[in-house]
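> Once you've had a glance at the structure underneath, I'll fire off some questions.
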Ligand SMILES: Cc1cc2nc3c(=O)[nH]c(=O)nc-3n(C[C@H](O)[C@H](O)[C@H](O)COP(=O)(O)OP(=O)(O)OC[C@H]3O[C@@H](n4cnc5c(N)ncnc54)[C@H](O)[C@@H]3O)c2cc1C
């Protein structure tokens with residue numbers, strides 16, 4: 001059986017937890033899992049990946065100076081060809097969106113992003129379309145296959161294995177016109193929305209940028225990420241990276257809290273698969289109230305400080 005390549009993402013030197021769900025999704029039928037790690041330390045990562053069934057870690061070293069999607073994608077494609085990997089799965093994350101299409105282009109392979117289900121034998125995937133109203137099943141043909149999995153669609157399940165480390169050095173083509181001059185934070189906080197178990201989002205009801213601090217204060221106690229409706233983004237209160245919805249990030253957390261958000265179809269398209277949805281709204285008839293698991297009818301400016309105080313006392 002062909003080994004499956006996993007494009008591993010890191011945050012602050014640690015393997016991102018969303019990779020473990022990806023490994024779990026790829027592991028069916030005891031497939032060999034090959035983790036591709038680019039310009040990161042495989043030392044600590046090896047044990048973390050072994051816990052989820054990875055049997056080979058490819059330590060890819062490039063001569064790029066930091067994050068460079070063009071060089072990293074070329075290195076991944078070269079490593080896949082060297083090792084004989086024809087199927088690669090990565091995350092549909094900001095880094096995945098940069099890397100996976102480039103890898104696919106290099107290998108002349110079909111690419112499907114935002115997959116919610118992947119059948120690795122039949123090369124068929126499921127992905128949501130039309131604002132989440134339909135699920136498309138798409139079959140791919142080719143010699144190589146590249147998939148971007150939506151984070152958190154598969155719960156991680158441990159399956160301990162022992163992994164060997166394979167070194168792979170890649171010298172970049174300096175004829176490339178691509179050079180990363182500077183990398184800046186998007187200001188959206190510490191967590192990427194799609195990979196968070198808990199998300200607290202604010203909408204027009206937050207009234208201004210400063211009031212988002214109320215959400216960040218609660219989020220800190222829950223290790224949650226903070227999201228937003230498009231209105232909050234369009235008003236310039238928060239960066240676009242925080243937008244949840246049809247034209248923003250699609251999330252699948254364990255808990256989604258919508259604060260001062262009415263629950264438009266377009267917002268729902270991005271969060272309706274959350275396991276538990278909680279709404280805080282002054283309007284008992286807001287659409288979100290009929291589409292959530294729990295709601296509080298009340299003023300967020302009363303509820304959020306009280307919630308923050310309660311969370312602080314629990315965490316004390
Ligand atoms: C093509 C297209 C794509 C779109 N994509 C997206 C998308 O990706 N994401 C997205 O979010 N939207 C998207 N939209 C916009 C969407 O249609 C809505 O306009 C938007 O979601 C509404 O945002 P909101 O819920 O914050 O604001 P509103 O609909 O104005 O709701 C604000 C809510 O806050 C409540 N509220 C007010 N004050 C308080 C208070 N003090 N305490 C508690 N509650 C309070 C109100 O009762 C109300 O329910 C898109 C629209 C289009 C046409």
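> Restricting attention to strands (runs of 3 or more DSSP E) lying wholly within the stretch 1-87, give those where 2 or more residues are surrounded by fewer than 22 Cβ atoms within 10 Å (Cβ to Cβ) and touching a residue at least 60 places away in the same chain (Cβ under 8 Å).
On the way: elements: 4-7, 33-38, 54-62.
Ranges flagged: 54-62.
> While we're here: Report every pair of residues separated by at least 6 positions or lying on different chains whose Cβ atoms are under 7 Å apart, first residue within the stretch 205-216 and free of Cβ contacts under 8 Å to residues at least 60 places away in the same chain, second away from the ligand (no atom under 12 Å from the Cβ).
Close Cβ pairs satisfying both conditions: 212/226; 216/189; 216/226.
> Name, by its number, the condition in (1) more than 8 Å from the ligand (Cβ to nearest atom); (2) closer than 27 Å to residue 155 by Cα that does not hold for residue 259.
(1)
> Next question. Given (1) within 12 Å of the ligand (Cβ to nearest atom); (2) assigned to a helix (DSSP H, G or I), identify the lone condition not met by residue 251.
(2)
> Shifting gears a bit: I'd like the full set of residues that are within 14 Å of the ligand (Cβ to nearest atom) and in contact with a strand residue (DSSP E or B) (Cβ under 7 Å, 6 or more places away or on another chain), limited to the stretch 207-217.
Of everything in the stretch 207-217, those that are within 14 Å of the ligand (Cβ to nearest atom) and in contact with a strand residue (DSSP E or B) (Cβ under 7 Å, 6 or more places away or on another chain) turn out to be 212, 215.
Conditions (1) touching a helix residue (DSSP H, G or I) at 6+ places or on another chain (Cβ under 9 Å); (2) buried (at least 18 other Cβ atoms within 10 Å of the Cβ); (3) at pLDDT 95 or above, marked per residue:
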site: 195; (1), (2), (3): yes, yes, no
site: 206; (1), (2), (3): yes, yes, yes
site: 213; (1), (2), (3): no, no, yes
site: 251; (1), (2), (3): yes, yes, no
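> Looking at 309, 224, which one is away from the ligand (no atom under 12 Å from the Cβ), outside the structural domain of residue 132 (by TED's automatic domain parsing) and touching a strand residue (DSSP E or B) at 6+ places or on another chain (Cβ under 6 Å)? Step through it out loud before you land on a result.
Values: 309 fails: touching a strand residue (DSSP E or B) at 6+ places or on another chain (Cβ under 6 Å).
On inspection, the qualifying residue turns out to be 224.
> Return the residues of the stretch 273-298 that are in contact with a helix residue (DSSP H, G or I) (Cβ under 9 Å, 6 or more places away or on another chain) and in a loop (DSSP other than H, G, I, E, B); say none if nothing qualifies.
Let us first name the residues in the stretch 273-298 that are in contact with a helix residue (DSSP H, G or I) (Cβ under 9 Å, 6 or more places away or on another chain), namely 277, 279-283, 287-288, 291, 295-297.
Selection gives 282, 283.
> Might you check whether a residue that is within 20 Å of residue 11 (Cβ to Cβ) and out of contact with any strand residue (DSSP E or B) (no Cβ under 7 Å at 6 or more places or on another chain) occurs anywhere in the stretch 77-89?
The answer is no, given that none of the residues of the stretch 77-89 is within 20 Å of residue 11 (Cβ to Cβ) and out of contact with any strand residue (DSSP E or B) (no Cβ under 7 Å at 6 or more places or on another chain).
The values are calculated or read from the model by the stated rules, or taken from the named source; none is laboratory data. Computed from a predicted model, the values in this text were never measured in an experiment. Every residue, glycine as well, gets a Cβ built from its backbone with ideal geometry; the counts of neighbours run over all protein chains shown.
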